[in-house]
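Chemist: Here it is, the structure, as structure tokens.
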Number of protein chains: 2
Amino acid sequence: MDLHERIKENIKNHQDEYIAFLQKIVKEPSTTGNELAAQTLMADRLKEKGLEVDVWIPDYDELIKSKFFNPLRDNYEGSPNVVGILKGTENGRSVILNGHIDVVPAGDEKKWTYDPYSGDVVDGKLYGRGTTDMKGGNIATLIALETIINLGIQLKGDVVYESVIEEETGGAGTLAAIQRGYKADVAIIPEPSEMRIFPKQQGSLWFEVTVTGVSAHGGTRYEGVSALEKGWTVFEEIMNLEEKRNEPLRKDPLYKDNPIPIPINIGQFNGGYFPSAVAEKATIQGRYGVAPGETIEEAKEEFIKMLDDLKHKDDWFENHPATVEWGGIHLPPGGCDLDHPMLNILKEKYIEVENEEPIIAGSTWGTDGGLLTQAGGIPSIVFGPGTTSMAHFTDEYVELDKLFKTAEIIALAIIDWCEISAGSK
Amino acid sequence: MDLHERIKENIKNHQDEYIAFLQKIVKEPSTTGNELAAQTLMADRLKEKGLEVDVWIPDYDELIKSKFFNPLRDNYEGSPNVVGILKGTENGRSVILNGHIDVVPAGDEKKWTYDPYSGDVVDGKLYGRGTTDMKGGNIATLIALETIINLGIQLKGDVVYESVIEEETGGAGTLAAIQRGYKADVAIIPEPSEMRIFPKQQGSLWFEVTVTGVSAHGGTRYEGVSALEKGWTVFEEIMNLEEKRNEPLRKDPLYKDNPIPIPINIGQFNGGYFPSAVAEKATIQGRYGVAPGETIEEAKEEFIKMLDDLKHKDDWFENHPATVEWGGIHLPPGGCDLDHPMLNILKEKYIEVENEEPIIAGSTWGTDGGLLTQAGGIPSIVFGPGTTSMAHFTDEYVELDKLFKTAEIIALAIIDWCEISAGSK
């Protein structure tokens, strides 16, 4: 039996056990701040399999030193990171398997058909909060790792398995792992790509633009200057900036099926204080897509220049400039070169398992891959089993068939990348 | 000494007393719900002068029967209306002198140079909340009335002096006086017109338009429909409606110096719930100017038709119509015919006192004149001493010279209108 067949068979033989473990992990509602129980299960499992395991509490004082930190809390007590290392025998190519353990809240539980923390399996789908985003993905990479161990394969390079906290609220877990020194030649992140391969992942920033006007009584509104009207001028310029920034990406084959590769979404517009008074202030809040290959600083600069140029469109802004604050999320974009060897390996293994060409695309959202790429200098690829549209939704599920297929592809890819050691069975 | 000279002299002789009484009234902070003390002073004064005085609490159950009622409270306990009648000897032409006793709150008292309830007199200006809007005006008409009494003049027609509550919050006081049966052939309202004569007063309505969209993740915003963008389409159509509605008024000499005779002010625009999500709802709140001569119903109809026609501009509105709620203020417009004899009398008396032509214009705001005209069927003219721009402002004041001049003009006008009785001295 060739290696591929052995991998497939080994996964199959352990399927029930893997499903049971995924259910156990799903039953722990590991929302931000509540990751301990799920992380303990992960750490114990990695230890059982003989990995070197590191469990630690991310250090705010260290995190705050990084420009990539989103300081949404200042204490990580009870929220450990877990890293397990399968050491390579030689100094071969290494890989990080990075996944986050935190899940978004279940929302209105009454709307769920299945209890969000049940892990119920129905028609080949395992249901629950975090199944698709991304505990299902984490289990897929864990299966890949365990299968390699089960088959007694020794690799030349290290496999670094990272179960991190806080991806959903800004990336502190992955940033802490980078700061702790975990490195590899490439990273695979099994976020819910529906088995599409994303060698490019856009980043995103949140912005809040403030526009000012001059108040006046509504009956003599011509004595004032409406911050709503001025705000709309800014709205239009933001939309023009989106058009301009997306133009070069439209030629990119990764984004050919995407109407707006890196959207700027204006999500909130609020202005004025009284129906019968001219609005003296308006705020525009939104999400700013950051192109793969672009830095957050470059993206910010282009936005600020657009605001600065408003004065050429409307004199008002000369003495009443629109200002911007960057608050909340700022995720850098991530990715790898399109001729990166791991990308080719993943494609090849996908074809081997699925007998068809994989879809190669750019992600429409940010992941911890941005931190790995930009803060860690590690090329990163997103490839996972979850159903994209179910992330953060009611009745979230992962398809078990896709999960095992993903595990099979990743096991084959790791072996190809890290290479089998001469002393291996 | 002719009558005009006697009026002038009589006012002059009582100036200090009038100033002291105005100060007494200003010292009572008669905001909505707190009118009792000021109204008691007014009632006592009218009684002292020998008028028939009626003091009563407006009746919510009666008010609610009127389509003109703005039900902002359901109990008027402690907020009496006061009416004093100087009976005419014959069935001559009658006049209502209508003024509101309620004042808006003082706002941040620390910003005031003079205590807002002091009534301090500095350089010919009497300071305090309500001095311009409109206790100063009320005292001007009171002086006109008292001067006629002081001079022993008996009139053929009635003079109905109304000191009403609640103009600032919707007009319940004047509406209650109409319902109680107080009628006259014309009404003068000494609101702060800065001694301009307003034979036309616009009305105003508050509206809240709701626009819907479809939510989606900001990274795939093209899967949603932005309620902010749709809201802006509505915003533009509202502004087009303003243009259309003002077109005919621009030819009106009363509005020739007014850039927008009956403005539609969009005061608030609020939409969206999350920076990285497509907004699914937006609300647009504003103040809708109602033309003199127009009914509130006609104005509403035109607005609703504009919303209905949105579907011809953008298919979206076919199945997702923008809806409107009319909340808060709805003041009908008021006024009199431009050949109304009282308007001519006021002009003539103004010239007699001021030796120059008066400014005849249309008001930029609503007053109780709208209720008198539309609910009471009484032609109404606004003419008062207050400084328009100081209404509702910090350091509000009334110029005493203007106040006494206004009193003189109104005394002359009343005598001309109601005519001196044959049996008068």
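The values are calculated or read from the model by the stated rules, or taken from the named source; none is laboratory data. This one's a predicted model, so the numbers in the text were calculated from it and none came from an experiment. Don't worry about glycine lacking a Cβ; one is built from the backbone with ideal geometry, like all the others, and counts go over all protein chains shown. Just so you know, the surface numbers come from the protein's heavy atoms only, side chains and all, with ligands and any DNA or RNA stripped out. Shrake-Rupley method; radii C 1.70, N 1.55, O 1.52, S 1.80 Å.
Chemist: Put the label 7 Å from Cα along Cα→Cβ for B:Pro341; what are its distances to the other copies, in nanometres, shortest first?
Modeler: Label-point separations across copies, in nm and ascending: 10.8.
Chemist: Give the lysines reachable from B:Lys183 as a straight Cα distance under 25 Å; neighbours fewer than 8 places away on the same chain don't count.
Modeler: Hits, sequence-local ones excluded: B:Lys47, B:Lys49, B:Lys65, B:Lys67, B:Lys87, B:Lys135, B:Lys156, B:Lys200, B:Lys347, B:Lys349.
Chemist: Sticking with this one: Work through the residues other than A:Ile296 whose Cβ is under 13 Å from its Cβ and net out their charges, Lys, Arg +1 and Asp, Glu -1. Could the numbers behind the result be given before it?
Modeler: Details: positive: A:Lys67, A:Lys300; negative: A:Glu294, A:Glu297, A:Glu298, A:Glu301, A:Glu302.
With Lys, Arg at +1 and Asp, Glu at -1, the neighbours total -3.
Chemist: Once the other residues with Cβ under 11 Å from the Cβ of B:Gln201 are scored (Lys, Arg +1; Asp, Glu -1), what is the net sum? Let's see the in-between values first.
Modeler: Details: positive: B:Lys200; negative: B:Glu191, B:Asp368.
Charge balance near B:Gln201 sits at -1.
Chemist: Taking a point 7 Å out from Cα toward Cβ as the label site, list the nm distances between B:Gly50 and the same residue in every other copy, smallest first.
Modeler: 11.9
Chemist: If amide H atoms are built 1.01 Å from N in the plane of the peptide, which residues on other chains or at least 5 residues away come under 5 Å of the amide H of B:Tyr76?
Modeler: Under 5 Å from the amide H of B:Tyr76 lie the amide H atoms of B:Tyr60, each far enough along the sequence or on another chain.
Chemist: Then there's this: Pop out the carbon and sulfur fraction of the accessible area of chain A as a percent, whole number, probe 1.4 Å.
Modeler: Accessible surface attributable to carbon and sulfur in chain A totals 47 percent.
Chemist: Next question. Show me, for region A:108-118, the HN-Hα J-couplings you get by feeding each phi into the Karplus relation (A = 6.51, B = -1.76, C = 1.60, θ = phi - 60°), rounded to Hz, glycine and proline as x.
Modeler: Computed from phi, the couplings for region A:108-118 are 6, 5, 5, 7, 7, 6, 10, 3, x, 10, 8 Hz.
Chemist: Now for a separate question. Computed over the Cα atoms, what is the radius of gyration of chain A divided by 2.2 N^0.38 Å, N being its residue count?
Modeler: Here the answer is 1.08, to two decimals.
Chemist: Using the Karplus curve 6.51 cos²θ - 1.76 cosθ + 1.60 with θ = phi - 60°, work out ³J(HN,Hα) for each residue of region B:139-154 in order, rounded to whole Hz, and write x for Gly and Pro.
Modeler: Values, residue by residue: 5, 4, 6, 5, 4, 4, 5, 5, 4, 4, 5, 3, 7, x, 7, 9 Hz.
Chemist: At 0.36 nm per residue, and after removing the present C-alpha to C-alpha distance, how many nm does the segment from B:Asp257 to B:Asp59 gain when stretched out fully?
Modeler: 67.1 nm
Chemist: Choose one answer from A:Gly119, A:Gly286, A:Gly107: the residue with the largest mean-square fluctuation in a GNM of chain A with alpha-carbon springs under 10 Å.
Modeler: Judging by the Gaussian network model, the answer is A:Gly107.
Chemist: Over the Cα atoms of the protein assembly as shown, what is the Rg over Rh ratio if Rh follows Kirkwood? Before the final figure, lay out each step's value.
Modeler: Numbers: Rg = 38.0 Å, Rh = 31.9 Å.
Rounded to two decimals, Rg/Rh equals 1.19.
Chemist: On each of the three principal axes of the Cα atoms of region A:30-75, give max minus min coordinate, whole Å, ordered largest first.
Modeler: 36, 22, 14
Chemist: Near B:Lys110, which aspartates and glutamates are there with a Cα under 18 Å away, not counting those fewer than 8 places off in the same chain?
Modeler: B:Asp120, B:Asp395, B:Glu396
Chemist: How would A:Ile264, B:Ile359 line up by accessible area, probe 1.4 Å, largest first?
Modeler: If we order A:Ile264, B:Ile359 from most to least accessible, we get B:Ile359, A:Ile264.
Chemist: Mind ranking A:Phe303, A:Phe274 by accessible surface for me, highest first, 1.4 Å probe?
Modeler: These residues rank, largest area first, as A:Phe274, A:Phe303.
Chemist: Also: Please enumerate, by chain and number, the lysines with C-alpha under 27 Å from the C-alpha of A:Lys311, excluding those fewer than 8 residues away in the same chain.
Modeler: A:Lys230, A:Lys244, A:Lys281, A:Lys300, B:Lys230
Chemist: Tell me, what is a quarter of the convex hull surface for the C-alpha atoms of region A:39-106, in nm² with one decimal?
Modeler: 6.6 nm²
Chemist: Could I ask something else about it? Along Cα-to-Cβ, 7 Å out, sits the label point; list in nm, shortest first, how far the one on B:Phe393 is from those in the other copies.
Modeler: 5.7
Chemist: Next question. In terms of the Cα gyration tensor, with a ≥ b ≥ c the square roots of its eigenvalues, is region B:355-425 rounded because a/c is under 1.5, prolate because a/b exceeds b/c, or oblate?
Modeler: Oblate.
Chemist: List the residue from chain B whose beta-carbon is nearest to the axis that rotates chain B onto chain A, together with that distance in whole Å.
Modeler: Nearest residue, distance rounded to whole Å: B:Asn270, 2.
Chemist: Taking 7 Å along the Cα-to-C-beta vector as the label spot, tell me the B:Lys311-A:Asp314 distance in nanometres, rounded to one decimal.
Modeler: 3.2 nm
Chemist: What residue among B:Ile378, B:Ile148, B:Pro199 has its Cα farthest toward the positive end of the dipole of chain B, where the charges are +1 on Lys, Arg and -1 on Asp, Glu, each on the Cβ?
Modeler: Highest projection toward the positive end goes to B:Ile148.
Chemist: Compute the Rg/Rh shape ratio of region B:1-135: radius of gyration over Kirkwood radius, all on alpha-carbon atoms.
Modeler: Taking Rg over the Kirkwood Rh, I get 1.02.
Chemist: Could you please report the charge total around A:Lys111, scoring K, R as +1 and D, E as -1 over all other residues with beta-carbon less than 13 angstrom from its beta-carbon? Don't skip to the end; give the middle numbers.
Modeler: Working: positive: A:Lys110, A:Arg129; negative: A:Asp108, A:Glu109, A:Asp115, A:Asp395, A:Glu396.
Neighbourhood net charge equals -3.
Chemist: Next question, about the same structure. Only protein chains counted, 1.4 angstrom probe. Which residues of region A:193-208 are at least 40 Å² less accessible in the assembly than when their chain is isolated?
Modeler: Relative to the lone chain, where solvent access is computed with a 1.4 Å probe, region A:193-208 loses at least 40 Å² at A:Trp206.
Chemist: Over its Cα atoms, what ratio of radius of gyration to 2.2 N^0.38 Å does region A:215-333 give?
Modeler: 1.23
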